[in-house]
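Q: Have a look at this one before I ask anything.
Read the figures in this text as sums done on the coordinates, not as results from a lab. Because the structure is a prediction, the values reported are computed rather than measured. Cβ: placed from backbone, ideal geometry, glycine included. Neighbour counts: every protein chain shown.
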Amino acid sequence: MRKATFLISAIVSAVVSATLAGGASAQAKPADAIEYRQGAYEVIGWNFGKMKAMVQGTAPYDKEAFIKRADIVALVATLPLEGFGPGTDKGAPTKAKPEIWTKMDDFKAKMTKMNDEAAKLASIAKTGSLDDIKKQFGATGASCKACHDDYKAK
């Protein structure tokens, strides 16, 4: 557990540092932007999976751990969009569908919705009941799925 926590903290720190230093948009190679967004999604997925286990009852609910993970997701969810700039549809293996770049306004709207739902989850995790948390967790997951359904290859 300690190793996983350290790894997540290191990844989040690296992603945040890259963002503060200019992030993916300052990178010269599309492959770097692809790696940036994939790293952010990996951090989101890791933390979302741990929260999912808690809300489904397959892991004990730990309020402080849930808050920590919800905060990480809310922060990191704001980062991937920067990695979808022009030319980042190729240059490294990716499951991003070409429709992202032809329907960028819709893609951005779905990313904004996910960011909003993740922020709500982080807020509710701090003050809400477990039932409220479960409801918002579902809404946050649905916002992720909406984008995956349209823009992520299987």
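Q: For the range 77-93, list residues with backbone N below 17 Å from a point placed 7 Å from the Cα of LYS52 toward its Cβ?
A: Counting only backbone N, you get 77.
Q: Take HIS148, project a point 7 Å from its Cα along the Cβ direction, then tell me which residues of the range 109-130 have their backbone nitrogen under 11 Å from it.
A: Output list for this probe position: empty.
Q: Sticking with this structure for a sec: Which shape class, rounded, prolate or oblate, goes with the range 80-135 when its Cα gyration tensor gives a ≥ b ≥ c as root eigenvalues, a/c under 1.5 marks rounded, and past that a/b bigger than b/c marks prolate?
A: prolate
Q: Taking amide hydrogens as modeled 1.01 Å from N in the peptide plane, which residues meet the under 5 Å criterion relative to ALA96, leaving out close sequence neighbours?
A: ALA153
Q: Looking at ALA153, MET104, ILE124, which one has the Cα that reaches farthest to the positive end of the dipole of the range 97-154 (charges on Cβ: Lys, Arg +1; Asp, Glu -1)?
A: ALA153
Q: Run the dipole for the range 20-140 about the Cα centre, Lys and Arg Cβ at +1, Asp and Glu Cβ at -1, nothing else charged, and hand back the magnitude in debye, nearest 20.
A: 200 debye
Q: Taking 1 over the mean of 1/r across every pair of different Cα atoms in the range 49-146, what Kirkwood radius in Å do you get?
A: Kirkwood radius, the range 49-146: 14.5 Å.
Q: While we're looking at this one, here's another question. Filter the cross-link list LYS29/LYS52; LYS120/LYS152; LYS29/LYS126; LYS29/LYS135; LYS52/LYS95; LYS68/LYS110 down to pairs whose alpha-carbon distance in this structure exceeds 31 Å.
A: LYS29/LYS52; LYS29/LYS126; LYS29/LYS135
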